[in-house]
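The values are calculated or read from the model by the stated rules, or taken from the named source; none is laboratory data. Computed from a predicted model, the values in this text were never measured in an experiment. Cβ coordinates were reconstructed from backbone atoms using ideal geometry, including for glycine residues, and neighbour counts include every protein chain displayed.
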Amino acid sequence: AIRIIPYLVAILVAIGMLRAAFEAAAKFDWFTAITGTLQNGLNAVGFPPELLPLALMRPLSGSGSNGIFNELIRQVGPDSMIARMAGTIMGSTETTFYVIAVYFGSVAVRRTRHAVPAGLLADIAGTAPVSEFFKLAAVCDMDEAKASQYAEQYQVKAYTSLEALLADSSIQVVGLFTGPAGRSGLLRKIIRAGKDVMTTKPFELDPVAARQILEEAKSLGRIIHLNSPGPRLTGYVKQVKAWQEEYQLGRPVYCRGEVVVSYREKADGGWLDDPERCPAAPIFRLGIYIINDLVRLFGSVRDVQIQTTKLFTERPTPDNAQLGLTFNNGALGHVFATFCVDTGQYYANSLILHYEKGSIYRNLGPFEYGQASAGSHLKLVTVTPDKKVVTVEWSQPEGAGSYQWKELFEAIRHRDTDSHPGHGLGRKKPSNRNGPGLMMIRVGLYGINGHQIHASLENNPLAVLSAISLFPEDKLPPALREDSSLHRHGSLDEMLADPEVDFISLCSPSRKKQARDAIQALQAGKHVLAEKPCAMTEEDLDEIILTARETGKIFHEMAGTAFSQPYYAMRRIVESGQLGQIVQVLAEKSYPYYEGRAQDEDEDGGQIGQNGIHALRFVEHVACTPIASIRALETIQGNPVQGGGLRMAASLLMGLKNGGIAGISSNYLNPRGTGIWGDESLKILGTLGMVESRAGGKFTRLVIGEKDFGPLDLSSPGTPWLETFLETLLGRASMPLTLEEELSPTRWTIRAKNQLG
């Protein structure tokens, strides 16, 4: 402590001198004269002169730069371009001189060598992120006066319509900062014009429209980024995830988030005044940052309840709101957001996260006035096996919702330097396979515990087998077996390190561990297609979905049941409305028993997870009726292995979200005499008619009212799942279901098993 005092004094004196200089400059207008001289040069590189004090103060002092940052926000508003750029600077730079002076001084290091220039170069990179990666070329606003004002200020072109802006071939990226209602329509115009997008939260008021525009962007090879959730995890979210794993905190139990500010707003006729376009305003405008982080930490949300009041605002929308959350994994939570409290703890985004074996607290304060949003301060409390309380603390300067321009730039560069408009896939297909010079997706096969895709890779026009691991070569078609270029790996880790593998087909030896395998593969930059069930806990399922989003890699389960015949025809009939409202769905899935059936459910997923999941897909993917509740019964009656754990049969009863009901029977009791390996049936009954398939599709029938239309027309090939997956990787198509819709039957198998206890 004594050794460090001189260094602290020196840096504090330097900070005080610089702060006094800024105050003097403001008093005598010196700074205006200086920035006026520099304005043309700064504008030429797209750097607003208003940000210069922040850029100069940031390497010296966190508190000093926070004060400048907060003053900027008060002057120009939180949604202005200057505020967004300032937020990016705050989240992308470090207090370099302070860190070096204090930390080097504390250990008596006098020669800092490359530390100062390296730190300053990093600060320069973070201080001008937009000018380094992008250049402001035009502004667009329907208000002609406003557009002209900003165009003159930044010496760029002005447009008063989006169509005119999109017609400018020199514009490659559009920053879209509009209200969320109907934003997907504007995004569609932009991506169809061949441009990428940076936009802001909330993304879109209509969740269906949001999902559709993201799917279209993916299919067109366009990139859409927004500030929350950003493409890169914030530092504190990474740290929480690291603690979860390091300290084995277990299941999430409860969370509470809170953000307070003091606004006294007046109605202005804009979208913020409209309760339809700005519902639960404090949650929608500020609490959304917390919600986005909670989804990354606790998983997806099953149910919400909202409470709002109006205390001080003159807008028609509320200024005080609380959101109740029920997560898919059973955890509960609350998010409180208000415009009514002035304690100086603005935008702290405080959190309490309770887990099975510990709790994490973020930004509980109190902080100096206006400093609460300057960084993340975490505290972990957990208990060791010998009942000792452990506390760990962590801090980092960062702000919520910073625009990650570098990540957008890198995503565009990565896409544009790929050999085709897909996802960085492909090599030239060898000339001895279906013709020379074609770009192919390079496939790795891992494991054979399930329905591997090896037979579909021979003479495949889209993919080439590149590597195998834990897969017997004698199972390969002869042409693939004799391929001298085939890589043979002894483990999944070796395959993940293989740069010649783009996508991995997972049939892991242990179904219980397959979710970890999938997450590891996604994090290694591989796309994944996984045998069902892809996960055996909701926590693992949520983490797969989240990891796919965070890495930008594509994950899907082998879930094509509804898109092959006869189920594709039945799905189309349901979608057409010919059956009216769906009231009841009855399904059966029956396989024979054989000696190789796994007695341990961890190996293959068990009766419900491995077999019943097909029938659950019948309900949700074919009958198009989402499940709302489930009850299950299982039996080991008839298991020929004494003491074996194989469940021979299961019955499931479900309530549907539309008010209907469904029943499922699954078993390993199909006699060989049926002549069908998987004897399955499906009957969908609606208010106007019914459609059914029996004996694995041998018999089908459609009846509407009094007319029996007989067998279904099965001439359409449906939508081949593997082919569509490969086309999606190449950027030529999109999957027929969202990932959440696709994996919902898997989620309900997990809930059915959990309900059994």
Among residues of the stretch 286-313 being modelled with pLDDT under 95 and of a type in the set (Lys, Arg), the residue nearest to HIS334 (Cα to Cα) is ARG302
The lone condition TRP271 fails out of (1) in contact (Cβ under 8 Å) with a residue 60 or more places away in the chain; (2) within 26 Å of the chain's Cα centre (by Cα) is (2)
If we keep only residues of the stretch 75-110 that are exposed (fewer than 15 other Cβ atoms within 10 Å of the Cβ) and not in a loop (DSSP other than H, G, I, E, B), then the residue modelled with the lowest pLDDT is SER106
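One line per residue, one yes/no per condition, for (1) of a type outside the set (S, T, N, Q); (2) in a loop (DSSP other than H, G, I, E, B); (3) free of Cβ contacts under 8 Å to residues at least 60 places away in the same chain; (4) crowded, with 21+ Cβ neighbours inside 10 Å:
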residue: ARG571; (1), (2), (3), (4): yes, no, yes, yes
residue: LYS589; (1), (2), (3), (4): yes, no, no, yes
residue: GLN599; (1), (2), (3), (4): no, yes, yes, no
residue: PRO640; (1), (2), (3), (4): yes, yes, yes, no
Per the filter on the stretch 474-520, residues in contact with a Cys (Cβ under 9 Å, 6 or more places away or on another chain) and small (Gly, Ala, Ser) are ALA515, ALA518
Given (1) assigned to a loop (DSSP other than H, G, I, E, B); (2) surrounded by 22 or more Cβ atoms within 10 Å (Cβ to Cβ), PRO316 misses just (2)
When the stretch 509-530 is checked residue by residue, the ones that are surrounded by 18 or more Cβ atoms within 10 Å (Cβ to Cβ) and among the charged types (D, E, K, R) are ARG511, LYS512, ASP517, LYS526
The lone condition LYS146 fails out of (1) touching a Lys or Arg at 6+ places or on another chain (Cβ under 7 Å); (2) not in a loop (DSSP other than H, G, I, E, B) is (1)
From the option list GLU543, GLU550, single residue qualifying as farther than 21 Å from LEU445 by Cα, surrounded by fewer than 23 Cβ atoms within 10 Å (Cβ to Cβ), acidic (Asp, Glu) and at pLDDT 95 or above is GLU543
Filtering the stretch 699-757 for residues that are of a type in the set (Gly, Ala, Ser) and free of Cβ contacts under 8 Å to residues at least 40 places away in the same chain leaves a count of 4
| task | Might you let me know whether the stretch 148-166 holds any residue that is more than 23 Å from the chain's Cα centre (by Cα), hydroxyl-bearing (Ser, Thr, Tyr), under 26 Å from GLU410 (Cα atoms) and loosely packed, with under 14 Cβ neighbours inside 10 Å? | result | no
Subset of the stretch 715-757, residues surrounded by 15 or more Cβ atoms within 10 Å (Cβ to Cβ) and of a type in the set (A, V, I, L, M), comes to LEU722, LEU726, LEU729, LEU730, ALA733, MET735, LEU737, LEU739, LEU743, ILE750, ALA752
Of the listed residues (ALA662, ALA650, ALA628), the one being assigned to a strand (DSSP E or B), aliphatic (A, V, I, L, M) and surrounded by fewer than 19 Cβ atoms within 10 Å (Cβ to Cβ) is ALA628
Condition set modelled with pLDDT under 90 and more than 30 Å from TRP394 (Cα to Cα), scope the stretch 218-242, selection farthest from the chain's Cα centre (by Cα): answer is LEU220
Over the stretch 390-405, the set of residues in contact with a helix residue (DSSP H, G or I) (Cβ under 6 Å, 6 or more places away or on another chain) and not aromatic (Phe, Trp, Tyr) is GLN396, PRO397, GLU398, GLY399, ALA400, GLY401, SER402
Within the stretch 50-72, residues being assigned to a helix (DSSP H, G or I) and either modelled with pLDDT under 70 or among the hydroxyl-bearing types (Ser, Thr, Tyr) (or both) number 2
Conditions (1) closer than 16 Å to ALA242 by Cβ; (2) more than 25 Å from the chain's Cα centre (by Cα) -> GLU398 fails only (2)
Notebook entry, point to check: Is at least one residue of the stretch 520-530 touching a residue at least 24 places away in the same chain (Cβ under 8 Å) and out of contact with any helix residue (DSSP H, G or I) (no Cβ under 9 Å at 6 or more places or on another chain)?
Noted result: no
By residue number, the members of the stretch 663-678 that are over 18 Å from VAL619 (Cβ atoms) and in contact (Cβ under 8 Å) with a residue 40 or more places away in the chain are TYR668, LEU669, ASN670, PRO671, ARG672, TRP677
